Amino acid sequence: MTEPAALAPLFIRVHAADNVAIVVNDGGLPAGAVFASGLRLVEAVPQGHKVALLDLAAGAPVRRYNVVIGHALRDIPAGAWVHERLLQMPDARELTGLPIATVTPPAMAPLDGYTFEGYRNADGSVGSRNILAITTTVQCVAGVVDFAVQRIKAELLPSYPNVDDVVGLEHTYGCGVAIDAPDAIIPIRTLRNISLNPNFGGELMVVSLGCEKLQPERLLPPGVIPISDQRGVDDKLDVVCLQDDAHVGFMSMIDSVMRQARQHLEWLNRRRRETCPASELVVGVQCGGSDAFSGVTANPAVGFATDLLVRAGATVMFSEVTEVRDGIGQLTARASTPEVAQAMIREMAWYDHYLQKGQVDRSANTTPGNKQGGLSNIVEKAMGSIVKSGTAPIAGVLAPGEKLQQKGLIYAATPASDFICGTLQLAAGMNLHIFTTGRGTPYGLAACPVIKVATRNDLARRWHDLMDLNAGRIASGEASIEEVGWELFRLMLEVASGKKTWAEHWKLHNALVLFNPAPVT
Ligand code: CA
């Protein structure tokens with residue numbers, strides 16, 4: 001193995017008006033390093049961290065992405081390290097007087113001819129995987145369902161070669177909660193809509209305890225039960241109730257779950273992949289373990305791919321309220337209609353209030369890892385996060401846990417927490433997930449493939465069997481944003497057609513985490 005050639009000292013300035021730039025070189029740069037511009041570092045600066053491009057007086061605005069990410073707390077000389085302890089963070093923008101649908105969207109030519117091999121469902125949706133999901137109404141049944149799932153995988157699944165997997169939709173909700181509180185609608189509709197995810201083929205199966213607050217009929221009322229693909233008739237909800245008098249002994253419960261599972265496996269096994277236009281992709285994008293490269297490599301490449309998807313007629317969701325809050329003016333301006341802009345403001349206001357109740361604000365978002373990776377505060381992090389949304393007009397807004405009703409670029413309001421964001425995007429109907437990371441996380445979902453994009457060469461090299469695509473090549477000049485964006489688009493079509501991601505290869509997945517802003521009892 002030869003070590004990659006060391007780069008000459010290199011920084012990336014995102015916008016010509018920026019007075020800071022980030023250091024590209026692996027391992028950072030020592031004091032005295034000289035850039036091509038002639039700028040000399042007056043102290044060591046770690047990789048991904050900011051260097052002052054000119055002398056900044058105390059109180060001066062510090063600009064990155066042509067946005068004021070803070071004000072200097074003291075005089076900072078050119079060539080110095082600009083870290084979070086030197087910056088005063090600006091207040092969040094008020095949610096009044098925002099530009100509403102003022103941006104004329106760039107002309108975007110339709111992108112035709114791209115297809116993938118997917119599983120078409122009776123309701124018109126398309127799955128990228130063929131999975132038996134077992135919905136649970138309450139945490140009490142989780143151990144039993146887990147036991148049953150292991151047996152189903154070992155004893156039944158080998159007889160149904162067209163079915164990819166069996167997944168228990170386990171969660172911590174269902175009882176011990178104030179189920180009539182207004183905000184309880186969020187976890188309930190999330191769980192309902194996840195059960196209807198296109199990757200599950202409309203084969204609903206529920207395991208209930210019996211005495212829980214979230215009764216099966218409340219979770220899945222008759223109006224939402226899908227018409228099964230092959231059967232063409234309204235299904236009665238299939239519920240195995242553990243407290244049913246017919247159950248005598250634990251094994252009789254397991255036998256009931258396995259008997260019902262076998263029926264659904266029979267139907268799912270008849271599904272076949274067929275050629276579908278790229279417009280049937282429903283892609284959720286998010287980032288986690290972000291660093292200062294996220295906003296200049298992986299997220300811009302995702303933004304380019306987002307535009308390709310929108311041009312192809314597909315659906316793309318971006319999310320993570322606290323990571324767009326500081327860019328709300330950009331987003332309301334990009335709304336396709338005043339109603340969409342107002343819906344976005346409504347979601348921001350709801351979240352501001354939610355955070356206030358906990359006596360925090362959006363600045364609670366950043367992690368120690370973000371700061372080590374060079375992100376000084378949430379303003380800087382948000383500017384790098386928003387670029388995942390590309391340049392298309394924002395066509396619609398979803399509140400947490402709602403299901404998609406339209407195509408195009410959608411703002412799906414969710415917490416930025418990786419697991420909660422992924423869970424809510426699954427509920428919206430996501431059939432493919434894109435996840436960018438700079439610090440590195442082995443994140444995965446059981447219900448949907450997750451393509452992980454590394455922001456840095458160093459991460460991609462060390463985590464070569466966990467990262468699916470390396471956008472770090474953009475920083476080192478080996479590839480352009482457009483090239484990596486096209487690679488990601490093509491990889492999406494392959495993965496949606498069945499190609500396994502690294503997380504699927506290793507069977508890595510995180511728990512579903514329902515967003516429950518309502519009280520527990
Ligand atoms: Ca996240």
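General observations
- Per-residue Karplus couplings for the stretch 411-428, computed as 6.51 cos²θ - 1.76 cosθ + 1.60 with θ equal to phi - 60°, are listed in order as 8, 9, 5, 8, x, 7, 3, 4, 6, 6, 4, x, 4, 6, 5, 4, 5, 5 Hz, Gly and Pro entered as x.
- Take every Cα pair under 8 Å whose residues are at least 6 apart in sequence, average their separation, divide by the length of the stretch 275-506, and the relative contact order is 30 percent.
- Under-5 Å amide H pairs with residue 82, H placed in peptide plane, nonlocal only: 50, 51, 52
- The stretch 131-270: C-alpha gyration tensor shape, a/c 1.5 cut-off, then a/b vs b/c: oblate
- Rounded to the nearest 5, the antiparallel percentage of DSSP beta bridges internal to the stretch 131-270 is 10%.
- Span from the the stretch 371-443 Cα centroid across to the the stretch 468-484 one, whole angstrom: 21
- Sulfur and carbon atoms: percent of accessible area, the chain [1.4 Å]: 54
- By DSSP, the beta bridges lying fully in the chain are antiparallel in about 40 percent of cases.
- With contacts taken as Cα pairs under 8 Å and at least 6 residues apart, the chain reaches a relative contact order of 18 percent.
- Kirkwood Rh (inverse of mean 1/r, distinct Cα pairs), the stretch 428-511, angstrom: 13.0
- Simple point charges give the picture: +1 on the Cβ of Lys and Arg, -1 on the Cβ of Asp and Glu, and for the stretch 131-270 a dipole about the Cα centre of about 100 debye.
- Modelled label positions at residue 497 and residue 349, each set 7 Å beyond Cα in the direction of Cβ, lie 4.7 nm from each other.
- Ligands, DNA and RNA are left out, and with a 1.4 angstrom probe the accessible area of the stretch 276-347 is 18 Å² per residue.
- Against the main long axis of the alpha-carbon atoms of the chain, helix 338-357 sits at an angle near 90°.
- In order along the stretch 35-49, phi translates into HN-Hα couplings of 7, 4, 6, x, 4, 10, 6, 8, 7, 5, 10, x, 4, x, 8 Hz, rounded to whole numbers, per the Karplus curve 6.51 cos²θ - 1.76 cosθ + 1.60 with θ = phi - 60° and x for Gly and Pro.
- Separation of the stretch 281-336 and the stretch 25-60, taken as the distance between their Cα centroids, equals 29 angstrom.
- Rounded to whole numbers, the Karplus 3J(HN,Hα) couplings from phi for the stretch 317-330 are 10, 10, 8, 6, 3, 5, 9, 10, 4, 6, x, 4, x, 5 Hz, using 6.51 cos²θ - 1.76 cosθ + 1.60 with θ = phi - 60°, and x at Gly and Pro.
- Excluding ligands, DNA and RNA, the accessible surface per residue across the stretch 363-487 is 27 Å² with a 1.4 Å probe.
- Taking every Cα-Cα distance in the stretch 187-283 and sorting them into 5 Å bins starting at zero, the pair-distance distribution P(r) comes out as 2, 11, 19, 20, 19, 15, 7, 3, 2, 1 percent.
- Placed amide H near residue 408: partners under 5 Å, 5+ positions off or other chain: 315, 316
- Computed extension length for residue 139-residue 109: 6.0 nm, one decimal, from 0.36 nm per residue of separation with the Cα-Cα distance subtracted.
- Protection-proxy order for peptides 299-310, 206-217, 166-177, each taking the mean of Cβ atoms within 10 Å per residue, highest first: 299-310, 166-177, 206-217
- Net charge dipole size for the chain [Lys, Arg +1 and Asp, Glu -1 on Cβ; Debye, nearest 20]: 480
- Nitroxide proxy distance, nm - points 7 Å out along Cα→Cβ at residue 520 and residue 36: 5.5
- Shape of the chain, Cα gyration tensor, a/c cut at 1.5: prolate
- Compared with the dominant principal axis of the Cα atoms in the chain, helix 142-151 is inclined by about 80°.
- Put simply, the amide H of residue 133, placed in the peptide plane, has neighbours under 5 Å in 167, leaving out anything fewer than 5 places away on its chain.
- Whole-number D in µm² s⁻¹ for the stretch 275-506, Kirkwood Cα-pair radius fed into Stokes-Einstein, 25 °C, 0.890 mPa s: 142
- The distance linking the stretch 178-200 with the stretch 113-133 is 22 Å (Cα centroid to Cα centroid, whole angstrom).
- Computed with a 1.4 Å probe over protein heavy atoms only, the accessible surface of the stretch 1-88 comes to 49 Å² per residue.
- Between 0 and 90 degrees, the angle of helix 250-268 with respect to the longest Cα principal axis of the chain falls at about 70 degrees.
- Relative contact order computed over the stretch 1-88 (Cα-Cα under 8 Å; 6+ residues apart), in percent: 27
- Normalised by 2.2 N^0.38 Å, where N is the number of residues, the C-alpha radius of gyration of the stretch 1-88 stands at 1.09.
The values are calculated or read from the model by the stated rules, or taken from the named source; none is laboratory data. The model shown is predicted, which means the values in this text are computed figures rather than measured ones. FYI the Cβ positions are ideal-geometry reconstructions off the backbone, even for glycines, and counts take in every protein chain you see. Remember, those area values only see protein heavy atoms, side chains included, never the ligands or the DNA or RNA. Shrake-Rupley method; radii C 1.70, N 1.55, O 1.52, S 1.80 Å.
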